[in-house]
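Student: Below you'll find the structure I mean.
Nothing in this text is a laboratory measurement; each read-out follows from the coordinates by a stated rule. What you see is a predicted model; the values in this text were computed from it and never measured. In this analysis, Cβ positions are derived from the backbone assuming ideal geometry, glycine residues included, and neighbour counts consider all displayed protein chains.
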Amino acid sequence: QVQLVESGGGLQQAGGSLRLSCAASGRTPSNYAMGWFRQAPGKEREIVAAITWSGGRKYYADSVKGRFTISRDNAKNTLYLQMNSLKPEDTAVYYCAARLGTYIYISVNEYNDWGQGTQVTVSS
């Protein structure tokens, strides 16, 4: 099992930027895919972005394309999400997730390990 701890959330004005980090520890297998999800109040958890272990393939939800960038540093066992041009509709709890595998995974039920989440609030 992989332990995941998110950080970097907070309050930001619309148009601003935040950078989320997700530190992985424990049994970190050599090939594991990761993703960022978010859940707003009253809504289901949804994919934001995903990345393969090598970082060679990335996926973005349409709502964040061109504004968010996912990346990872395997030497530091850390996943990142750079969020620019933030909008009020980006307000949610953001979760990182991990699973063994070499593909891109974009569904909630495809991931085994989850962090506790970090709150992102964007004011208008």
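Student: In Å, what Rg and Dmax follow from the Cα atoms of the range 29-124?
Tutor: 12.8, 42
Student: Oh, and also: Could you work out the mean projected area of the convex hull around the alpha carbons of the range 1-77, in square nanometres to one decimal?
Tutor: It is 6.1 nm².
Student: Return the loop-located GluC sites (Glu not before Pro) in the range 1-57 (DSSP other than H, G, I, E, B) with at most 10 other Cβ atoms within 10 Å of their own Cβ; answer none if there are none.
Tutor: GLU44
Student: Which FRET efficiency, nearest 0.05, do GLN3 and ASP73 yield, Cβ-Cβ r, R0 22 Å?
Tutor: Efficiency for this residue pair is about 0.80.
Student: Mind checking the full-extension length gain between ASN84 and ASN112? Use 0.36 nm per residue of separation minus the Cα-Cα distance, one decimal, nm.
Tutor: 7.3 nm
Student: About the Cα centre of the chain, what is the dipole size in debye to 20, counting +1 per Lys and Arg Cβ and -1 per Asp and Glu Cβ, all else neutral?
Tutor: Charge dipole, the chain, about its Cα centre: 240 debye, nearest 20.
Student: List the residues, sorted by chain then number, that are 5 or more residues from THR91 or on another chain and whose placed amide H is less than 5 Å from its amide H.
Tutor: The list, which skips near neighbours in sequence, is VAL122.
Student: What length, rounded to one decimal in nm, is gained on full extension from ALA23 through to THR121, with 0.36 nm per residue of separation minus their alpha-carbon distance?
Tutor: 33.2 nm
Student: Quick one: if you stick a label point 7 Å off each Cα along the C-beta vector at ALA14 and LEU100, how many nm between them?
Tutor: 4.6
Student: For every other residue with a beta carbon closer than 14 angstrom to the beta carbon of ASN84, add +1 if it is Lys or Arg and -1 if Asp or Glu, then tell me the sum.
Tutor: After counting each charged neighbour, the total is +3.
Student: Next up: Which of the trypsin sites (Lys or Arg not before Pro) found in the range 22-89 are in a DSSP loop and have at most 14 neighbouring Cβ atoms, other than their own, within 10 Å?
Tutor: Counting only loop positions with at most 14 other Cβ atoms within 10 Å, the trypsin sites (Lys or Arg not before Pro) in the range 22-89 are ARG27, LYS43, ARG57, LYS65, LYS76.
Student: Could you give me the ³J(HN,Hα) list for the range 76-83, computed from phi with Karplus coefficients 6.51, -1.76, 1.60 and θ = phi - 60°, whole Hz, x at Gly and Pro?
Tutor: In residue order, the calculated couplings are 9, 6, 10, 10, 10, 9, 8, 10 Hz.
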